[in-house]
Amino acid sequence: MKLFFILTAILITGCSATRVQLQPRLINDQTITYVRGNSKLNSQSVLKPELTIIEYSLDEMLISLTVTNTTSEPILFSESNLTVELLASGELQAGTVYTFEQLAKEAADRGYDTAAQAGNTAAGVGVGFIPFGGIIYSVGRLFYSVGSQSSESYEERIDKLTFTQLNQNYLRQQTIEPGELYSGVLKIGFENDLEVGNTVIFSLSAGGEVEKFTFICEQAEEK
């Protein structure tokens, strides 16, 4: 009987878990603009970064990141320029920024169509790369389509968004020439679930500068 109550408690706890609401917090000269309903954090530092959280679940998220080379020299940029941390109960926990190679393998293992074209990605090559607005438009259009399927979880939405954008829009290593911009999406993972009171900190390093974007986990509004 005792085992029954323990198992019941675990099931109730697991089923009651809900997403928090991520609210951006501005620091220094950062500003917020909006694209198709998504808040975009902007900064005027060396890379003039723009960051948007496209979708998120309890322990994963998909973001869009745009950087512009405002220097007079080429800049080599990749997902390794971004780190993510979760501040929970006064302790910093490192998040995972997934690489294209990791996700291409996962896509192949799970049988997604994109896996067959993993080696043919054109992410960010030359001036033909879709800029930030184009990414948000195409991803947003898919998001609304996926969102209409009420039986689908947030985790499934993130997987679909990630794998369908993998070949064209996933951020990979790129040389950014002076005056050029580079955009891409990135999947982020956390070891623990996001909870009310946590802080998600994105740190972007380039050109000898570190830019931080901060989001506070708040109680989600009831709908």
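The values are calculated or read from the model by the stated rules, or taken from the named source; none is laboratory data. Computed from a predicted model, the values in this text were never measured in an experiment. So basically every Cβ, Gly included, is an ideal-geometry build from the backbone, and we count neighbours across all protein chains shown. Ligands, DNA and RNA are stripped out before the accessible areas are found, and what is left, the full protein with its side chains, is counted by its heavy atoms. Shrake-Rupley method; radii C 1.70, N 1.55, O 1.52, S 1.80 Å.
If you check S45, S39 for being touching a residue at least 24 places away in the same chain (Cβ under 8 Å) and either touching a Gly at 6+ places or on another chain (Cβ under 8 Å) or open to solvent by 20 Å² or more (accessible area, probe 1.4 Å) (or both), only one passes: S45. Taking first residues from segment 63-74 that are surrounded by fewer than 15 Cβ atoms within 10 Å (Cβ to Cβ) and partners that are outside any loop (DSSP other than H, G, I, E, B) and among the β-branched types (V, I, T), the Cβ contacts under 6 Å between residues at least 6 apart in sequence or on separate chains come to P74/T175. Remark: I27 matches the filter, which requires a residue to be modelled with pLDDT under 90 and more than 23 Å from K160 (Cα to Cα). Sub-9 Å Cβ pairs linking a first residue in segment 174-191 that is open to solvent by 20 Å² or more (accessible area, probe 1.4 Å) to a second residue that is basic (K, R), at least 6 apart or interchain, are L181/K48, ordered by first then second residue. Filtering segment 167-190 to residues that are farther than 20 Å from Q102 by Cα and assigned to a loop (DSSP other than H, G, I, E, B) leaves E177, P178, G179, E180. Among the residues making up segment 191-221, those that are under 16 Å from V97 (Cα atoms) and either assigned by the TED database to the domain that holds L58 or of a type in the set (F, W, Y) (or both) are F202, F213. The residues in segment 198-223 that are modelled with pLDDT under 95 and in a loop (DSSP other than H, G, I, E, B) can be counted, and the count is 7.
Number of residues in segment 86-113 that are outside any loop (DSSP other than H, G, I, E, B), open to solvent by less than 70 Å² (accessible area, probe 1.4 Å) and of a type outside the set (G, A, S) equals 8.
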